[in-house]
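Beneath this line is the structure, given in structure tokens, with notes to follow.
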Amino acid sequence: MQHPIRNNWSIEEIHEIYNTPLLGLVFKAAAVHKKYNDTAEVQVCTLLSIKTGGCTEDCAYCPQAARYNTGVNVHALMKKDEVLSYAQKAKDAGSTRFCMGAAWREVRDNKDFDRVLEMVKGVNEMGMEVCCTLGMLTENQAQKLADAGLYAYNHNLDTSSEYYEHIITTRTYNDRLQTLDSVRKAGVSVCCGGIIGLGETHEDRIKMLHTLSTMPEHPESVPINALVPVAGTPLEHNQRIDVWDMIRMIAAARILMPKAMVRLSAGRTNMTVAEQALCFMAGANSIFAGDKLLTTPNPSFEEDDAMFHLLGLKPRAAFKEEKELLEEIID
Ligand code: SAM
Ligand code: DTB
Ligand code: SF4
């Protein structure tokens, strides 16, 4: 079989794929995409920051780190009902996945966590796939989230293990891998990707792709973020990434992890519809929707709706809906 799913990519092979002349790379990625996925479908995932700012970590890109003066309005954990009403709005706008983000270094076993578990339950009962990104987790916490109905957990590697310490010093790459392991063990779907534009080399990007694509199971979803440089963070003056780098990264991720949902994540406000169309051709099949990501702007539901119409794309049904339908047919 051509383009089998593989977990044993060598760094040399990834080098070769990543460095393929751009249009050749896009053609190859598009072929892999067509073989494994419905190329007209794009997963629409809505993000909500349920606890904003005041984070103790020093991630150099992040406007929510307490130590940088970024003007982000610090907000304690939202109330459950407020979150559920946002989720309902997202569902009405066609979202099938709702992702709640908290500016925490790690989850603690306290009342706030109990409240997040209630939110997960509530969104799950509304029929949406629930995703969380809350920082580091223990196995026990991952299991509690799974029991509450969590579908996926987002925890990014961000860059290569070598470059990591230039970006974050308050935790290690290994901490990240351990949380990902706990998430897998709890049977929760893994959402894990990175950021380009941190000042990393092409080699770092290739190494990150290697780590992701040689996991025993590929992440079910792989967000590719372009750095949104925020004033007050150490990376505020970083040059904006070249859109071709985004396309190259998406295409390589698609070839290496054929079935994963490759998500065109942060950075879309700086991209034209034509540029985003190239990303979809190169295998992106998921976006974050809603006019705000966590703290920075994102295209509005209306703009995305118009883009979907123009490009002939449709929002994909929730995986959990598909699973339930299949179970009904089998019964
Ligand atoms: N605190 C949790 C954590 O770090 O895992 C969850 C929230 S954190 C904001 C989620 C992800 O957002 C980060 O891992 C990073 O990949 C992405 N992110 C944060 N700031 C960003 C920025 N300025 N540009 C692009 N991506 C960013
Ligand atoms: C991911 O990979 N990107 C999203 C989500 N996972 C949580 C976050 C992007 C954040 C961009 C900066 C901000 O809006 O604060
Ligand atoms: Fe905190 Fe997450 Fe931002 Fe790092 S990326 S500072 S852990 S909110």
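Some observations on this one:
- Here the stretch 165-313 is treated as a Stokes sphere of Kirkwood radius computed over C-alpha pairs; at 25 °C and 0.890 mPa s its diffusion coefficient rounds to 151 µm²/s.
- Within a Gaussian network of the chain (alpha carbon springs, distance under 10 Å), most fluctuating of LEU313, LEU47, LEU150: LEU313
- The stretch 226-272: trypsin sites (Lys or Arg not before Pro) in DSSP coil with no more than 16 other Cβ atoms inside 10 Å: ARG240, LYS259
- Accessible area (Å², per residue) of the chain, counting only protein heavy atoms and a probe of 1.4 Å: 45 Å²
- Amide H contacts of GLU106 (H built 1.01 Å from N, under 5 Å, at least 5 apart or other chain): MET136
- Straight-distance crosslink candidates among aspartates and glutamates, where the alpha carbon sits under 13 Å from LYS314 and sequence neighbours closer than 8 are dropped: ASP38, GLU41, ASP304, ASP305
- Test item: Cα-centred dipole of the chain, Lys/Arg +1 and Asp/Glu -1 on Cβ, debye: 80 debye
- Sum of -39500 (n - 2.57) over DSSP H runs of 4+, divided by residues of the chain (222 nm, nearest 500): -13000 deg cm²/dmol
- Computed accessible area, ILE5, all protein chains, 1.4 angstrom probe, square angstrom: 70 Å²
- Between ALA274 and MET126, the simple label model (points 7 Å from Cα in the Cβ direction) yields a spacing of 3.8 nm.
- Residue-normalised convex hull volume from the C-alpha trace of the stretch 44-203: 119 Å³ per residue.
- The stretch 32-119: antiparallel DSSP beta bridges as a percent of all, rounded to 5: 10 percent
- Kirkwood Rh (inverse of mean 1/r, distinct Cα pairs), the chain, angstrom: 20.0 Å
- Segment HIS75-ILE11, extension gain: residue separation times 0.36 nm, minus the distance between their alpha carbons: 18.8 nm
- The chain: antiparallel DSSP beta bridges as a percent of all, rounded to 5: 5 percent
- Candidate cross-link partners of LYS79 among the lysines, defined by an alpha-carbon separation under 17 Å and a same-chain spacing of 8 or more, comprise LYS51, LYS89, LYS111, LYS121.
- Those lysines that a straight Cα-Cα span of less than 17 Å connects to LYS185, excepting residues fewer than 8 apart in one chain: LYS144
- Förster radius 35 Å - calculated FRET efficiency between LYS89 and ARG240 (Cβ-Cβ, nearest 0.05): 0.70
- The separation of the stretch 68-101 from the stretch 177-219, counted between C-alpha centres, amounts to 25 Å.
- For the chain, the Cys residues with no second cysteine's beta carbon closer than 4.7 Å are CYS45, CYS55, CYS132, CYS191, CYS192, CYS279.
- Where both bridge residues fall in the stretch 1-147, DSSP classifies roughly 5% of the beta bridges as antiparallel.
- Using R0 = 41 Å, the C-beta based FRET efficiency linking ASP114 and ALA231 works out to 0.70.
- Full-stretch length increase - ARG105, GLU165 - with 0.36 nm per residue and alpha-carbon distance subtracted: 20.0 nm
The values are calculated or read from the model by the stated rules, or taken from the named source; none is laboratory data. Please read these numbers as outputs of a predicted model, since none were measured by experiment. Don't worry about glycine lacking a Cβ; one is built from the backbone with ideal geometry, like all the others, and counts go over all protein chains shown. Just so you know, the surface numbers come from the protein's heavy atoms only, side chains and all, with ligands and any DNA or RNA stripped out. Shrake-Rupley method; radii C 1.70, N 1.55, O 1.52, S 1.80 Å.
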